[in-house]
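Colleague: Below is a structure I'd like to ask you about.
The values are calculated or read from the model by the stated rules, or taken from the named source; none is laboratory data. This is a predicted model, so every value here is computed, not measured. We place every Cβ from the backbone using ideal geometry, glycine too, and count neighbours over all the protein chains shown.
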Amino acid sequence: MIERPTVTRTTTHVGGERIIATEPATGVHPHPSQKGAIVPFKGVTKALLEDDSVVWLCDGVPGQFCPFVGNSTKSVVAHRNGTHNLRQPRRASRYSDAVLRRIAQEVAIARQAGSKDFAVRAAQALNDAGLQTLRGELWTGSMVSSVFNAHAKHIRVRIPPRDRPATTTQRAAARVRAASNGSAVLEPDDLTVLRQFVVIVPRLAQALARVADFIEAGQGVDAAMADKARRYDELQALLK
Ligand SMILES: [Zn+2]
């Protein structure tokens with residue numbers, strides 16, 4: 001019976017020089033947040049040759065030998081990212097899921113509105129909503145783009161229907177909200193109307209009550225109408 005040998009290829013010589021020592025390669029961590037920390041790089045080996053020169057070797061990928069020799073950790077990392085198409089695991093975002101979802105939603109809304117500067121519009125919406133970046137700054141278009149592309153573009157969001165022009169009632173409600181927030185949006189005319197309304201409502205209630213009494217006493221015909229008028233009166237009493 002013939003046993004098939006298991007062959008593991010490794011580099012023993014580089015440029016004719018024998019490798020006399022190896023160690024895990026180190027380099028500057030690529031992320032600015034690490035402030036230039038020197039860290040080991042997976043898949044890269046630093047090798048000392050017999051002639052005292054130093055080279056950096058690619059470790060290949062599992063089951064695949066690679067003959068690449070570089071002149072720095074960085075050069076081998078670049079080679080590995082390109083040649084071996086190594087997927088970098090997605091770095092988790094420091095933003096909460098809720099914030100990422102909101103970013104995805106605002107971008108979707110701005111895109112739906114057909115804006116070319118959708119990132120800028122989304123940033124504006126986030127700022128309007130009182131959200132801040134991790135550094136406590138206002139959102140900018142480029143910040144939104146960067147977080148969206150890295151962490152939020154895969155999030156599926158529901159987009160509210162396109163904005164319709166606000167109705168008069170909605171505009172009035174918005175004004176009242178603004179007024180209650182202390183903003184001086186309420187115009188003098190509005191105030192006059194409000195004052196008149198306050199005066200008119202009790203009079204209207206009294207008039208309706210009299211109508212109800214009249215109907216009830218006089219004819220007793222339309223009991224339903226009388227009932228409605230009375231309820232209106234009760235409602236007004238509650239509102240006072
Ligand atoms: Zn390689």
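Colleague: Of these, Gly82, Gly114, which one is closer than 30 Å to Val14 by Cβ and without any contact (Cβ under 8 Å) to a residue 12 or more places away in the chain?
Modeller: Gly82
Colleague: Give the stretch 68-87 a look and list any residue that's at pLDDT below 90, in a loop (DSSP other than H, G, I, E, B) and surrounded by fewer than 12 Cβ atoms within 10 Å (Cβ to Cβ), or say none.
Modeller: Matches in the stretch 68-87: Asn85, Arg87.
Colleague: While we're looking at this one, here's another question. Please work out which residue is farthest from the chain's Cα centre (by Cα), limiting yourself to the stretch 29-64 and to residues that are near the ligand (Cβ under 9 Å from one of its atoms) and surrounded by fewer than 16 Cβ atoms within 10 Å (Cβ to Cβ).
Modeller: The selected residue is Gln64.
Colleague: Only one of (1) assigned to a strand (DSSP E or B); (2) surrounded by fewer than 18 Cβ atoms within 10 Å (Cβ to Cβ) is not met by Leu131, so which one is it?
Modeller: The number of the failed condition is (1).
Colleague: Since Arg90 meets every condition but one in (1) modelled with pLDDT of 85 or more; (2) away from the ligand (no atom under 11 Å from the Cβ), which condition does it not meet?
Modeller: Result: Arg90 passes all but (1).
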